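*Asks:* Here it is, the structure, as structure tokens.
The values are calculated or read from the model by the stated rules, or taken from the named source; none is laboratory data. This is a predicted model, so every value here is computed, not measured. Counting neighbours? That spans all protein chains shown, and the Cβs are built from the backbone with ideal geometry, glycine included.
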Amino acid sequence: MRVLKTELYDQGIQSFYDQFIAGFEGGKENKLISPSDANVLVHGYENPNFQKVLDDYHINLPDGVPSVWLGKIQGAKKMNRCSGPEVFPALLNLTKGKAVKHYFIGGKPSALETLKNVIETEIGNPNCCGFFSPPFKEFSISEIQAMAIDVNESGADVLWIGLGAPKQIYFAHEIAKYTNCHYILPVGAAFDFLAGTVPSAPNWMKKNGLEWFFRLISEPRRLGKRYLNVVPKFLYYGIKEMF
């Protein structure tokens, strides 16, 4: 189901999990999967080059209740919220008894150390094969290729990226040209949420489409401008596309 200009996965989160696990039976194809929230959808709507990148993704998940509302209004009855912070630990849990290796790019070194401990001790997944905390800057092609070499040498099946959107969407699309993984998933702040370094919204706010508001009041300086810009645009473009 297309929301704004992006085709979003509309078969529900359990169907996605089943499809994800089944994908390990084939060869490594570097399938790109993005939990795409309102910020990503608006950026794609306004930027044709970025929209082309999103269109190259194997799956764009509806990361946000407002996207699901728009999808259901248009007839996608099975669509439900598939957010990065929900999908991330769920897939780590589903693969913990399988020979599936996970590599992580993004976050501060201290946060990655905490994340590793949470994944191994609380989730019980021993298959973390690599962590890399990149510098906060734009990456050259040679730097991306160097990261890809390390990912490939680790034997990673799944590459997780936590660099923030839209940067991580572009980055995943670029590094996929050089890696040999089953899946590459940019999941934004999911690293910090799972590690506990950033507070997560309560479930009632997530279910009612208010997670953005919780994050806004938690990090007003960093996220204020984004949300005050994105939320009205998302509503406007969504209504415009429907009518």
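*Asks:* Return yes or no: is K101 of a type outside the set (A, V, I, L, M, F, W, C) and out of contact with any strand residue (DSSP E or B) (no Cβ under 7 Å at 6 or more places or on another chain)?
*Replies:* Considered against the rule, which asks whether it is of a type outside the set (A, V, I, L, M, F, W, C) and out of contact with any strand residue (DSSP E or B) (no Cβ under 7 Å at 6 or more places or on another chain), K101 comes out as no.
*Asks:* Could you please let me know if A111 is farther than 18 Å from I175 by Cβ and in contact with a Phe, Trp or Tyr (Cβ under 8 Å, 6 or more places away or on another chain)?
*Replies:* yes
*Asks:* Separate question: With respect to K72, determine if the residue is in a loop (DSSP other than H, G, I, E, B), more than 18 Å from H173 (Cα to Cα), basic (K, R) and without any contact (Cβ under 8 Å) to a residue 60 or more places away in the chain.
*Replies:* When the stated conditions are applied, K72 does not pass them.
*Asks:* Identify the residue in segment 7-50 that is more than 15 Å from A165 (Cα to Cα) and part of a strand (DSSP E or B) and, among all such residues, is farthest from the chain's Cα centre (by Cα).
*Replies:* Among those that are more than 15 Å from A165 (Cα to Cα) and part of a strand (DSSP E or B), it is E7.
*Asks:* Going residue by residue through segment 169-176, is there one that turns out to be free of Cβ contacts under 8 Å to residues at least 24 places away in the same chain, aliphatic (A, V, I, L, M) and farther than 19 Å from F88 by Cα?
*Replies:* No: segment 169-176 contains no residue that is free of Cβ contacts under 8 Å to residues at least 24 places away in the same chain, aliphatic (A, V, I, L, M) and farther than 19 Å from F88 by Cα.
*Asks:* I'd like the residue in segment 139-178 that is β-branched (V, I, T) and surrounded by 21 or more Cβ atoms within 10 Å (Cβ to Cβ) and, out of all such residues, is farthest from the chain's Cα centre (by Cα).
*Replies:* V151
*Asks:* Of all residues in segment 75-104, count the ones that are outside any helix (DSSP H, G or I) and among the β-branched types (V, I, T).
*Replies:* 2
*Asks:* Select, from G155, G196, G164, the only residue that is in contact with a Cys (Cβ under 8 Å, 6 or more places away or on another chain), at positive phi and not charged (D, E, K, R).
*Replies:* G155
*Asks:* Looking at segment 61-69, can you tell me whether even one residue there is farther than 22 Å from T197 by Cα, assigned to a helix (DSSP H, G or I) and of a type in the set (V, I, T)?
*Replies:* Pass one, segment 61-69, residues farther than 22 Å from T197 by Cα: 61-62, 65-69.
Now drop any that are not assigned to a helix (DSSP H, G or I), which leaves 65-69.
Now restrict to residues that are of a type in the set (V, I, T): 65, 68.
Yes - at least one qualifying residue is present in segment 61-69.
*Asks:* Now for a separate question. State yes or no: is E25 at pLDDT below 95 and surrounded by fewer than 18 Cβ atoms within 10 Å (Cβ to Cβ)?
*Replies:* Yes.
*Asks:* Please specify each residue of segment 118-138 satisfying the condition of being closer than 20 Å to A189 by Cβ and more than 21 Å from the chain's Cα centre (by Cα).
*Replies:* Of everything in segment 118-138, just one residue is closer than 20 Å to A189 by Cβ and more than 21 Å from the chain's Cα centre (by Cα), namely E122.
*Asks:* Answer yes if at least one residue in segment 219-241 is modelled with pLDDT under 75, surrounded by fewer than 20 Cβ atoms within 10 Å (Cβ to Cβ) and touching a Phe, Trp or Tyr at 6+ places or on another chain (Cβ under 6 Å), and no otherwise.
*Replies:* Just the residues of segment 219-241 that are modelled with pLDDT under 75, to begin with: 219-227.
The next check asks that each one be surrounded by fewer than 20 Cβ atoms within 10 Å (Cβ to Cβ); those that pass are 219-227.
Okay, now just the ones that are also touching a Phe, Trp or Tyr at 6+ places or on another chain (Cβ under 6 Å), so 227.
Yes, because at least one residue in segment 219-241 is modelled with pLDDT under 75, surrounded by fewer than 20 Cβ atoms within 10 Å (Cβ to Cβ) and touching a Phe, Trp or Tyr at 6+ places or on another chain (Cβ under 6 Å).
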